[in-house]
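Heads up: the structure comes next, in structure tokens.
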């Protein structure tokens, strides 16, 4: 039950914030847009593209080899696509740091999912 609530809240909050905070450099405050992109948009982008979608892959694919390859490809695609959102020389560093947030969210979610499974077995 706790996993389902966490999954639903993570999905709703990340999608909402991604749509609200999508980077728009056409206005006169590009520094504010950079800060918003680094601290809100990119971490939530990785939480959605890697963690939320990765959880679906983790739960529904049973073969461990295919699951590992799918998660690796998903991470690579989300990392490469994140490079277009931040126009700076630091974009690789920023994407690496922000992707760590998505990885931690994924690890926590999978731990929560596995603890739910082991609790139901008892």
* **Among the candidates 85, 50, 75, residue that is touching a helix residue (DSSP H, G or I) at 6+ places or on another chain (Cβ under 7 Å), part of a loop (DSSP other than H, G, I, E, B) and over 20 Å from residue 1 (Cα atoms)** => 85
* Asked: Scanning for something surrounded by fewer than 17 Cβ atoms within 10 Å (Cβ to Cβ), more than 11 Å from the chain's Cα centre (by Cα), modelled with pLDDT of 90 or more and closer than 26 Å to residue 8 by Cβ, does the stretch 31-40 turn up at least one residue?
  -> no
* Using the structure shown, decide if residue 11 is crowded, with 18+ Cβ neighbours inside 10 Å, in contact with a helix residue (DSSP H, G or I) (Cβ under 6 Å, 6 or more places away or on another chain) and touching a residue at least 24 places away in the same chain (Cβ under 8 Å). => no
* Just need a number here: residues in the stretch 19-30 that are in a loop (DSSP other than H, G, I, E, B) and either touching a residue at least 40 places away in the same chain (Cβ under 8 Å) or surrounded by fewer than 17 Cβ atoms within 10 Å (Cβ to Cβ) (or both). => 8
* Checklist (1) touching a residue at least 12 places away in the same chain (Cβ under 8 Å); (2) part of a helix (DSSP H, G or I) applied to residue 68, failing item -> (1)
* Asked: Does the stretch 78-89 hold any residues that are surrounded by fewer than 17 Cβ atoms within 10 Å (Cβ to Cβ) and either under 20 Å from residue 21 (Cα atoms) or in contact (Cβ under 8 Å) with a residue 12 or more places away in the chain (or both), and which are they?
  -> 80, 81, 83, 84, 87, 88
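The values are calculated or read from the model by the stated rules, or taken from the named source; none is laboratory data. Since we're looking at a predicted model, the values are computed, not measured. With ideal geometry, Cβ positions are generated from the backbone for all residues, glycine too; neighbour counts draw on all protein chains shown.
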